[in-house]
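S.K.: Would you mind keeping the following structure in view while I ask a few things?
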Amino acid sequence: MLREKLKNHTVILASGSPRRQDFFKKLDMNFVIDVREIEEVYPNHLLGAEITDYLAQLKASAFQDLTEKDILVTSDTIVWKDNQAIGKPKNEEDAKKMLRNLSGVMHEVFTSVCFTGKNFQETVNDTTKVWFKELTDSEIDYYIANYKPFDKAGSYGIQDWLGYIAIDRLEGSFFNVMGLPTRLVYKTLMKLASR
């Protein structure tokens, strides 16, 4: 459906994430990948989805060469707990600390997606609440050793082993926790295609 709707546009996904690239394939549309390096720094006063909105828009700022046909898609995901963002772990020790911190409690996952064209910009975001069971040290060690979640916010992927054994319940979109609120991406692209 999107393939036909967007046939007069070039959708550019600015993400090196294999998960986001796979989501775009599964949304059944043509797109190109163009990743540009940008320093992901945000002002300290921002909270929750304000951070991911800001960073998704910041990533779009690296593209000053868009044409009338282009729709650039940039995004950012953070894990949020105790009123602070939990990013990607620096190393194994950091990953263990993060997972111990998430054990037995609820945290939130925020993802923002920014759609940018030559003459427009629109940002949407989504929030999912995730409840973890109490994790044992051996479960944490096993997960880190076997799945090496160093490229993931909060040190875990909901779609792999830890997601299967640790999540008691979710409130919101599963795919948002993976890094893309797919229904919002679909809805926004459908709207932009008919501009």
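The values are calculated or read from the model by the stated rules, or taken from the named source; none is laboratory data. Given the structure is predicted, the values throughout are model-derived calculations rather than measurements. Because the Cβ atoms are built from the backbone with ideal geometry, glycine has one as well, and the counts that use them run over all protein chains shown.
S.K.: Taking region 1-20 as the region of interest, how many residues are closer than 22 Å to PHE110 by Cβ and surrounded by fewer than 15 Cβ atoms within 10 Å (Cβ to Cβ)?
M.R.: Start the filter on region 1-20 by keeping residues that are closer than 22 Å to PHE110 by Cβ, which leaves 13-20.
Then keep just the ones that are surrounded by fewer than 15 Cβ atoms within 10 Å (Cβ to Cβ); that gives 16, 18.
Adding up the residues that qualify gives 2.
S.K.: Is at least one residue of region 54-72 in a strand (DSSP E or B), on the phi < 0 side of the Ramachandran plot and of a type in the set (Phe, Trp, Tyr)? Outline the logic, then answer.
M.R.: Within region 54-72, the first condition is being in a strand (DSSP E or B), and the residues that meet it are 70-72.
Restricting the remaining residues to those that are on the phi < 0 side of the Ramachandran plot gives 70-72.
Among the residues that remain, those that are also of a type in the set (Phe, Trp, Tyr) are: none.
No, there is no match, as no residue in region 54-72 is in a strand (DSSP E or B), on the phi < 0 side of the Ramachandran plot and of a type in the set (Phe, Trp, Tyr).
S.K.: Out of everything in region 1-28 that is part of a loop (DSSP other than H, G, I, E, B), among the hydrophobic types (A, V, I, L, M, F, W, C) and out of contact with any Asp or Glu (no Cβ under 9 Å at 6 or more places or on another chain), what residue ends up being nearest to LEU189 (Cα to Cα)? Working first, answer last.
M.R.: First, pick out the residues of region 1-28 that are part of a loop (DSSP other than H, G, I, E, B): 1, 6-9, 14-17, 27-28.
From what is left, the residues that are among the hydrophobic types (A, V, I, L, M, F, W, C) are 1, 6, 14, 27.
From what's left, out of contact with any Asp or Glu (no Cβ under 9 Å at 6 or more places or on another chain): 6, 27.
Values: LEU6: 8, LEU27: 11 Å.
Taking the candidates together, the pick is LEU6.
S.K.: Only residues that are outside any helix (DSSP H, G or I), in contact with a helix residue (DSSP H, G or I) (Cβ under 7 Å, 6 or more places away or on another chain) and buried (at least 18 other Cβ atoms within 10 Å of the Cβ): list them for region 136-172, please.
M.R.: Residues satisfying the conditions are PRO149, TYR156, GLY157, ILE158.
S.K.: So ASP160 ticks every box in (1) closer than 23 Å to GLY48 by Cα; (2) at pLDDT below 95 but one. Which box is left unticked?
M.R.: Among (1) closer than 23 Å to GLY48 by Cα; (2) at pLDDT below 95, ASP160 violates only (1).
S.K.: Here's something else I'd like to know. Does LEU2 satisfy the condition of being over 18 Å from the mean Cα position of the chain (by Cα) and touching a residue at least 12 places away in the same chain (Cβ under 8 Å)? Working first, answer last.
M.R.: On the way: over 18 Å from the mean Cα position of the chain (by Cα): yes; touching a residue at least 12 places away in the same chain (Cβ under 8 Å): yes.
Here the answer is yes, as LEU2 does meet what is asked.
S.K.: Still on this structure: Which of the residues belonging to region 73-111 are on the phi > 0 side of the Ramachandran plot and out of contact with any strand residue (DSSP E or B) (no Cβ under 8 Å at 6 or more places or on another chain)? Steps first, please.
M.R.: First, the residues of region 73-111 that are on the phi > 0 side of the Ramachandran plot: 82-83, 104.
Answer for region 73-111, where residues must be on the phi > 0 side of the Ramachandran plot and out of contact with any strand residue (DSSP E or B) (no Cβ under 8 Å at 6 or more places or on another chain): ASP82, ASN83.
S.K.: While we're on this one: Please work out if LEU99 is surrounded by fewer than 17 Cβ atoms within 10 Å (Cβ to Cβ), hydrophobic (A, V, I, L, M, F, W, C) and over 18 Å from the mean Cα position of the chain (by Cα). I'd like the intermediate steps shown before the answer.
M.R.: On the way: surrounded by fewer than 17 Cβ atoms within 10 Å (Cβ to Cβ): no; hydrophobic (A, V, I, L, M, F, W, C): yes; over 18 Å from the mean Cα position of the chain (by Cα): yes.
Answer is no for this residue.
S.K.: Condition first: basic (Lys, Arg) and either within 30 Å of THR67 (Cα to Cα) or in contact (Cβ under 8 Å) with a residue 12 or more places away in the chain (or both). Now tell me which residues in region 94-138 satisfy that. Give the steps one after another, and end with the answer.
M.R.: To start, the set of residues in region 94-138 that are basic (Lys, Arg) comprises 96-97, 100, 118, 129, 133.
Answer for region 94-138, where residues must be basic (Lys, Arg) and either within 30 Å of THR67 (Cα to Cα) or in contact (Cβ under 8 Å) with a residue 12 or more places away in the chain (or both): LYS96, ARG100, LYS118, LYS129, LYS133.
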